[in-house]
Amino acid sequence: MAAAEQPCYTMIFESSAEYPSASELRTALEKGSDDVKLEALRKIVVSTINGNPQVRCTFSMIPSLMMPIIQFVMPSRNKQLKKLLHFYWEVCPKYDENGKLKQEMILVVNAIRNDLQHPNEYIRGATLRFLQKIANESELLEPLIPTCRACLEHRHSYVRKNAVFALFSIYRDFEHLIPDASELMSTFLAAETDSTCKRNAFIFLAHCDLRKAVDWVLGNHDNIPTLEEGLQMSVIEVVRLDCKSEPTHRARYIRLVFELLNVSSHAVKYEAATTLTLLTQNPAAVKASASTLISLIIKESDNNVKLIVLDRLETLRSKHGHILDGLIMDVLQILSNSDMDVRRKAMGIVLNMTSSRNVEEVVQFLKKQLLRTQEQAAEFDKASEYRQLLIQSIHVTAIKFSEVAASVVLALMEFLGDSGGSSSSSNTASTSTALDVIAFIREVVDKFPHLRSGIFDRLVASLNDIKSGKVFRGVLWILGEFIGAEDSYPSPSSAAEAIKQCVEGIRTCIGDIPIYVDPTQEENSADDATVPKEAGGGKPKVLADGTYATETAYTAVGPSESRNEKARPPLRTLILGGDFFTGTVLAATLTKLVLRFDGLCSQQAVSNTLRAQAMLIMTSIIRVGHAKSSPAPGAPLVQIDEDSTERIMNCIQTLSELTGQAKIDTDHEETIVKEIFLRDTKKAFERMIGAQEKRAAEKREAEASHKGSAVQVDDLLSFRQFSKKGADQDLDYDEDLGRATGTTDAREDFISNLSRISQLTGFSDPIYVETYVKMHGFDIMLDVLLVNQTANTLQNLCLDFATLGDLKIVERPSVYTIAPHGFQSIKATIKVSSTETGVIFGSILWEGPNMSEACVILNDIHIDIMDYIKPAYCNEAQFRSMWTEFEWENRVNVHSTVSDPREYLKHVMKSTNMSCLTPEGALSGDCDFLSANMYARSLFGEDALANLSIERTETGTVTGHIRIRSKTQGIALSLGDRITMGTHFPVMTLVSLLKYPIAQKDSKPLSA
């Protein structure tokens, strides 16, 4: 710390009650009891720490109260008073105006010496701890050195361990006061028996003489694994430091660190595993380190520690390649943890470690875990989410290693019908799981044609088990796109037979046709059906008069009762429930199958029969949509939308106009229509897969470029051959990491720095103030420049800041005196706790001529939240899940003069630092309407979602709205304000903030 700087202390809350006068404080110190003295001294210490100039009686009279404190408080034997006195001696002004030590401090030094010789070990130890805090005051410490050294021989370990650190603190700043520090600590370390004292002495010895510390390590090599945890950690640190400069003892160090891998302390194990990989790159050592890290992850109870060690394990894996592949089954044991973050990170490591040698074992383990989540769903915490992670991992593995695709795809198809549950949340999670299975099957079918036949049979057989419309749409798309394809079957006849079986399976899943029967027709049929019918006769019966009679029973059965006895098929239930989107997908699938069947089958009668069945199903769907009453008991009356009607009618028209005799090369129109149905949809799917692979490749490239160290052309080159023989620069991993990330040599743009300067006062004010606002992690650093523009000296100048929002001032600046036309630089730190627009405001107080007080109010500083929001990516299922879960929505209605919707999308992405999740292919083309999803994540882990829906009007303007959703109110409001304040384009906005209850996500907002 520079001599000109004042020490900085933590700010303590002060009551707004009136402070006592100087005479009252003096009286309390002179005549009060110990409790009164304690309260008076506490007030003096608090006011001194806070540097509060407004309390004139306290702040200005503190120096005059030093002698009463020395006379009446220092002789007290009260331990609380002695402890509070230590705080006072730490913060009180010890030097006069000329920078010389005050005469009163001689009495203080004498009292401290007496306390260092006190028979009570607590008072001695507390005084030694106090010396560590004033270790920069050489004039005070020099007379106390002999007494401190004598405390090293005290009988109590509490005194000895504090004496070691007190001497260490003094030695760091003033080595000349303890010239024989290394010999002193070596002697102390050899005779000491207490583990804590030995640890402190060893740290001191390593700092003052590394050679002697190394000699102690080598001399006690065999006993180190049995020592205390703190001392073992210090030994590992010495091993690192010694190997940087002199690797002579590297072999012995490796054996020592190997032994430390087996100690009981988790912290020592972690440090030993990390150090071992720095000492040697031998595969056995690397495997031993990785095994230790895996064992720590499994045994450690704290999930945060697990995540840290997993990061270290991933770093080790990325550096040493396939050396660790043999430990993959051990890593898989981490999946038994219940925390999903730990599971995801562990699964990422497993996927990177998977190779052709161990892929069978990995897939077998994942399949067993998948079955466990299904059989023991109640015992598993977040079973559906874990099941979804397993399915996604199997998906990635099967696509990467085609030899296991056949063994897993049929097993995963059992989860297609996993859409039933007792609650809406379980239904949603199960549907997400089934959708992941569908995505996997779709990609397997596309990339591995030889597996299609078995997959199609299982898909058709599982149609009756599916309950979700989303899952049905995925299955129907796969069936319509790939069944009957030329490269899937050995002959055209087998392909045609597969199409017929698929249509039969769909027909079974729908039930009787028509799906909807008009109520009037049903009444007529019901009248006919309710006529009594003879159910059967019994044997002839002899009556009393001797004649024969036949007994007959009559029953009346209603059609509705017999129909309700059986459950409706799932696809029929969806259509009757109003899911006409699934109906349009069904119509498109049937159209593709019929058109493909026409080209495979030469029998026109069979082809016409199949076409008639498909058209009947389509017309039946439209009739359900045009029903005047509820199509089924308990089902809502939902009218079919215009888009669905048009889509189904197009399919009907296509089947009616395209005959089976038409060849694809004859008629141009028929060729175009068949191209649209049979080829264009698959091309669109291939473009989507290509876009996903491109994004994944860009992500890998970005990660690779981020890992590479960016250097300038004029940077110094380091040649290991020219360095000291045997030196291992890899051991200095902190410096290497700093160079790689650029944190040690940050080069900031000068123009960017100028844009962060805020003017807080005017040029005509007595004091000109400006500040440079710098974001540093979760802190805001304010570098304030004050300029005295008057010809007077400004005394007791205090800069006071206050905040609005989730901002917190860490420390209050001290009091300064600025000469005429002088400058003063002040730094302040403000802690940020959330992504919310914050405001910093404040004032400057000082004493001018004749002790007159003056004040200047500063301009507000608005904090830009964009420094804490970064673009992020998530898949569609995660986006929809978060969109449903988040309860805060900020709706921004937009009317802009921009003529291109894509330009406005780019403007919003630039203004909010959000990434666009909608694929580029979906945004391409010439269209007047644009809808896109965006996503961002803050440094505090807050997720922000946005949906942009705009259209271009006839006048060339863009209108629409942006919906922003988040879990907290602050980020939703801040992003909305950021959009409204965008100056690149004129935008008219109407902002409304809505809060949705989590339990009623689809209902109207309860509050606005």
How many angstrom separate the Cα center of region 771-822 from the Cα center of region 73-151?
33
Note down the net charge around Ile515, summing +1 for each Lys or Arg and -1 for each Asp or Glu among other residues with Cβ under 9 Å from its Cβ.
+1
Could you work out the per residue convex hull volume over the alpha carbons of region 121-217, in cubic angstrom?
82
Rounded to the nearest 5, the percent of DSSP beta bridges in region 759-892 running antiparallel is 100
So if we plug the beta-carbon distance of Phe778 and Arg344 into 1/(1 + (r/R0)^6) with R0 = 25 Å, what FRET efficiency do we get, rounded to 0.05?
0.55
Using 0.36 nm per residue, how much length does the chain from Val606 to Ser629 gain when fully extended, once their Cα-Cα distance is taken away?
4.7 nm
The extension gain from Glu314 to Val839, computed as 0.36 nm times the residue separation minus the Cα-Cα distance, is 185.0 nm
Over region 781-828, calculate the relative contact order: mean separation of alpha carbon pairs under 8 Å at least 6 apart, over the residue count, as a percent.
57
List, in order, the whole-Hz ³J(HN,Hα) value for each residue of region 842-859 obtained from phi through the Karplus relation with A = 6.51, B = -1.76, C = 1.60 and θ = phi - 60°; use x for Gly and Pro.
x, 8, 10, 10, 7, 10, x, x, 6, 6, 7, 8, 9, 8, 10, 8, 8, 5
Can you compute the charge dipole magnitude of region 569-637 about its Cα centre, using +1 on each Lys and Arg Cβ and -1 on each Asp and Glu Cβ, nothing else charged? Give it in debye, rounded to the nearest 20.
60
Can you tell me which of 212-222, 574-584, 90-100 comes out highest on packing, and rank the rest after it, using the mean Cβ neighbours within 10 Å?
574-584, 212-222, 90-100
Taking θ as phi - 60°, what are the ³J(HN,Hα) couplings along region 171-178 by the Karplus curve (6.51, -1.76, 1.60), each to the nearest whole Hz, with x for Gly and Pro?
5, 4, 9, 9, 5, 5, 6, 10
Starting with the highest mean, order 340-353, 918-931, 137-150 by the number of other Cβ atoms within 10 Å, averaged over the residues of each peptide.
340-353, 137-150, 918-931
Can you tell me how much longer the chain between Ala411 and Ser265 gets when fully stretched, taken as 0.36 nm per residue apart minus their C-alpha distance, in nm with one decimal?
48.3 nm
Above-threshold pairs, the threshold being 28 Å between Cα atoms, out of Lys592/Lys906; Lys299/Lys368; Lys674/Lys694; Lys37/Lys94
Lys592/Lys906; Lys674/Lys694
Using a simple spin-label model with points 7 Å from Cα along the Cα→Cβ vector, what separation in nm is obtained for Thr187 and Leu785?
5.6
Ignoring ligands, DNA and RNA, what percent of the accessible area of region 115-232 is carbon or sulfur (1.4 Å)?
45
Expressed in nanometres to one decimal, the distance between label points 7 Å along Cα→Cβ at Glu403 and Ser899 is 6.0
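The values are calculated or read from the model by the stated rules, or taken from the named source; none is laboratory data. Keep in mind that this is a model prediction, so the values were computed, not measured. Cβ atoms come from the backbone with ideal geometry, glycine included; neighbour counts cover every protein chain shown. We work out accessible area using only protein heavy atoms, side chains counted, and drop any ligands, DNA or RNA first. Shrake-Rupley method; radii C 1.70, N 1.55, O 1.52, S 1.80 Å.
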